[in-house]
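The values are calculated or read from the model by the stated rules, or taken from the named source; none is laboratory data. Note that the coordinates shown come from a computational prediction; the quantities given were computed from them, not determined experimentally. All Cβ positions, glycine included, derive from the backbone under ideal geometry; neighbour counts span all protein chains shown.
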Amino acid sequence: MKIFLSILFAFLVIQLHAQDTTRLSLIFAGDIMGHDSQIAAAYDPIKKRYDYSNCFRFVKPYLAGADLAIGNLELTFAGRPYKGYPQFSSPDALGVTLKDIGFDVLVTSNNHCVDRGRKGLERTIAVLDSLSIPHTGTFVDTVSRMNDYPLMVRKNGFVIAVLNYTYGTNGLPVTRPNIVNRLDTAIMRKDLKKACELKPDAIIVFTHWGAEYQSLPSKGQKDLADFCFRHGAKIVIGAHPHVIQPIEWRKQKDQLVAYSLGNFISGQRKRYTDGGSMVYLELEKVAYAADSSATSIDSAGYALEWVYRTADAKKHYYIIPVEKGEKDSVQFIADVSSRDAFKIFARDSRQLFSKYNVGVGEIRLDNIRQFAPSDSVACNTHILKRTQEKIAILTSDDVRLFLSTFNNACGNHVEFKEWSNELLFTVLHQHTLDFLSVLQDTDAMLNTVLILQELSSPISDKISIDDLLSRIDPLDASLKYKNVIRESLLKAREQKKN
Ligand SMILES: [Zn+2]
């Protein structure tokens, strides 16, 4: 009895602790542009339709792995004719892909939002609404701004207020009754006051500002960031210069500003403009009582991404996370001049950030080991989510621990018992595949499959070998050895059956 009580007590302590502290991971991406060359590259002449999915395939794990991924949509979905610079309208297919790769929110107030006039502004909003992508910054009319601004985003028990402003609209008029949020401190002060009154856990302001192609922020940007902080913002994320600018995490004050994230995707090929940075951060909320809690920035880092345009006739675009490109053992980046441009971008960016960043270093998602065994003590849905987040940063050494804990926990934990088998299977299946997709090499993948089978996990027999193979990272050398892997897997599976 005593033992039983102490186990029960320990369980309750774990549960209480888990409820006290919650976390939210966020990732911010820079300018999503739509130049003519990108539109042409996205067109599939065989299927006769636009498809952007390949372009984003390598960054998808970064975006989808965070609780909230937010980017700057610097184009319109105005319908045909599709055009790039100077008055952008991209195919709706791009919106579909942005949703698919994990963008949770897009901000729309920037100097291109009225490129196609009233129709473009309103149609962009309609497309985002139809895709259920929350957005803010531009509005059909005052009523919609009054009701929907600031944008309040709810996730994992957090409430985040998102605000967004631009310095201007390239001299193009905004047609009444449309509204484009401008960097006007009188209006911003009111909006920030309203945001504070709504008592969110954090306020994020997206500012479209600064001078193009400048690597350091202007005094105007610094002053405006300080203004936002003075009026309650915790995070300020800047865009527009089309090059990266430094990131400062003022730990004492619990504030973070990224002056410019650069281009997330664009047709710009010149030095400094051919890539961007993604800022990853985690908020931690500690609840003291039912109605009192404190949220702070717990960790922050940046990851670089470079835009590759193939040198062949297709001229396809791919966003290459720099850490992946540096391990490009199959020369996915096929030509020498592209490989040089990639290296120059990585070097330039690291030089700038190592000199000017404050408290924000580079995170190399597949090298960091943050997965703690204690995380898996209570395998409830919260932990399940955390595990999914950490998947991208696990190494193959963690596989056995992860799978065995996961397997046991799923069998024992009350929450899982309440789930239908089918739902449980679906979730596990997806998680296992996601997990496998980030393993770095053939051996790790094979090893994982063997462990799965050893554990006679409820899923191991149901994952098809083709399913597994389709998850192999195309940047990885294992692509070359697909048949070898297939044979090994089939053999391993046969042996187990006998
Ligand atoms: Zn801009």
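For residues that are in contact with a Gly (Cβ under 9 Å, 6 or more places away or on another chain) and not aliphatic (A, V, I, L, M), scanning just region 226-244, find the one that is nearest to the ligand (Cβ to nearest atom).
Within region 226-244, the match that is nearest to the ligand (Cβ to nearest atom) is H240.
Which of the residues belonging to region 29-87 are more than 21 Å from the chain's Cα centre (by Cα) and of a type in the set (A, V, I, L, M)?
Matches in region 29-87: I39, A40, A41, A42, I46, A78.
Residues being in contact with a Leu (Cβ under 8 Å, 6 or more places away or on another chain) and part of a loop (DSSP other than H, G, I, E, B): count how many of those fall in region 28-66.
The number of residues fulfilling the criteria is 5.
Could you tell me whether any residue of region 136-144 is without any contact (Cβ under 8 Å) to a residue 24 or more places away in the chain, outside any strand (DSSP E or B), aliphatic (A, V, I, L, M) and assigned by TED's automatic domain parsing to the domain that holds I265?
yes
Within region 190-221, how many residues are outside any loop (DSSP other than H, G, I, E, B) and either of a type in the set (A, V, I, L, M) or surrounded by 15 or more Cβ atoms within 10 Å (Cβ to Cβ) (or both)? Spell out the reasoning first.
First, the residues of region 190-221 that are outside any loop (DSSP other than H, G, I, E, B): 190-197, 202-208, 219-221.
If we keep only those that are either of a type in the set (A, V, I, L, M) or surrounded by 15 or more Cβ atoms within 10 Å (Cβ to Cβ) (or both) as well, we get 191-192, 195-196, 202-208, 221.
Of the residues in that region, 12 qualify.
Which of the residues belonging to region 90-130 are away from the ligand (no atom under 15 Å from the Cβ) and touching a helix residue (DSSP H, G or I) at 6+ places or on another chain (Cβ under 6 Å)?
Of everything in region 90-130, those that are away from the ligand (no atom under 15 Å from the Cβ) and touching a helix residue (DSSP H, G or I) at 6+ places or on another chain (Cβ under 6 Å) turn out to be D92, G95, T97, I101, G102, V127.
Suppose we keep only residues that are among the aliphatic types (A, V, I, L, M) and assigned to a strand (DSSP E or B) within region 145-157. Which one would you say is farthest from the ligand (Cβ to nearest atom)? Break it down stepwise before answering.
Here is the first cut: in region 145-157, the residues among the aliphatic types (A, V, I, L, M) are 146, 151-153.
If we keep only those that are assigned to a strand (DSSP E or B) too, we end up with 151-153.
On the way: L151: 20, M152: 25, V153: 23 Å.
Out of the qualifying residues, it is M152.
Within the bounds of region 170-187, is there any residue that is of a type in the set (S, T, Y) and part of a strand (DSSP E or B)? Quick ask: steps written out before the conclusion?
Let us first name the residues in region 170-187 that are of a type in the set (S, T, Y), namely 175, 185.
Those still in the list that are part of a strand (DSSP E or B) too: none.
Within region 170-187 (the criterion being of a type in the set (S, T, Y) and part of a strand (DSSP E or B)), the answer is no, since none of the residues qualifies.
So I160 passes all but one of these: (1) surrounded by fewer than 22 Cβ atoms within 10 Å (Cβ to Cβ); (2) away from the ligand (no atom under 16 Å from the Cβ). Which condition number does it fail?
Result: I160 fails condition (1) only.
Would you check if L256 is within 16 Å of the ligand (Cβ to nearest atom), within 22 Å of M188 (Cβ to Cβ) and buried (at least 24 other Cβ atoms within 10 Å of the Cβ)? Steps first, answer last, please.
Values: within 16 Å of the ligand (Cβ to nearest atom): no; within 22 Å of M188 (Cβ to Cβ): yes; buried (at least 24 other Cβ atoms within 10 Å of the Cβ): yes.
In short, no.
When residues of region 198-225 are filtered for being without any contact (Cβ under 8 Å) to a residue 60 or more places away in the chain, at positive phi and within 15 Å of the ligand (Cβ to nearest atom), how many remain?
Here is the first cut: in region 198-225, the ones without any contact (Cβ under 8 Å) to a residue 60 or more places away in the chain are 198-200, 203, 205, 207, 209-212, 214, 217-225.
Now narrow it down to the ones that are at positive phi: 199, 210.
Checking the rest, the ones that are also within 15 Å of the ligand (Cβ to nearest atom) come to 210.
Going through region 198-225 one residue at a time, the tally reaches 1.
Output the residues belonging to region 45-103 that are of a type in the set (D, E, K, R) and buried (at least 23 other Cβ atoms within 10 Å of the Cβ). Walk me through it before giving the result.
Of all residues in region 45-103, those of a type in the set (D, E, K, R) come to 47-49, 51, 57, 60, 67, 74, 80, 83, 92, 99-100.
The one that is of a type in the set (D, E, K, R) and buried (at least 23 other Cβ atoms within 10 Å of the Cβ): E74.
Among the residues of region 185-234, which ones are aliphatic (A, V, I, L, M) and at pLDDT below 95?
First, the residues of region 185-234 that are aliphatic (A, V, I, L, M): 186-188, 192, 195, 198, 202-205, 211, 216, 224-225, 233.
A211 - this is the single residue of region 185-234 that is aliphatic (A, V, I, L, M) and at pLDDT below 95.
Mind checking which pairs have a first residue in region 67-90 that is touching a residue at least 24 places away in the same chain (Cβ under 8 Å) and assigned to a loop (DSSP other than H, G, I, E, B) and a second that is among the acidic types (D, E) and more than 13 Å from the ligand (Cβ to nearest atom), Cβ under 6 Å, 6 or more apart or different chains?
Within 6 Å, the pairs are F77/D92; G84/D36.
Select from region 94-118 the residues that are within 19 Å of the chain's Cα centre (by Cα) and among the hydrophobic types (A, V, I, L, M, F, W, C) and write down the one among them that is nearest to Y50 (Cα to Cα). Step through it out loud before you land on a result.
To start, the set of residues in region 94-118 that are within 19 Å of the chain's Cα centre (by Cα) comprises 94-108.
Those still in the list that are among the hydrophobic types (A, V, I, L, M, F, W, C) too: 94, 96, 98, 101, 103, 105-107.
On the way: L94: 8, V96: 10, L98: 13, I101: 16, F103: 19, V105: 22, L106: 21, V107: 23 Å.
If we take residues in region 94-118 being within 19 Å of the chain's Cα centre (by Cα) and among the hydrophobic types (A, V, I, L, M, F, W, C), then L94 is nearest to Y50 (Cα to Cα).
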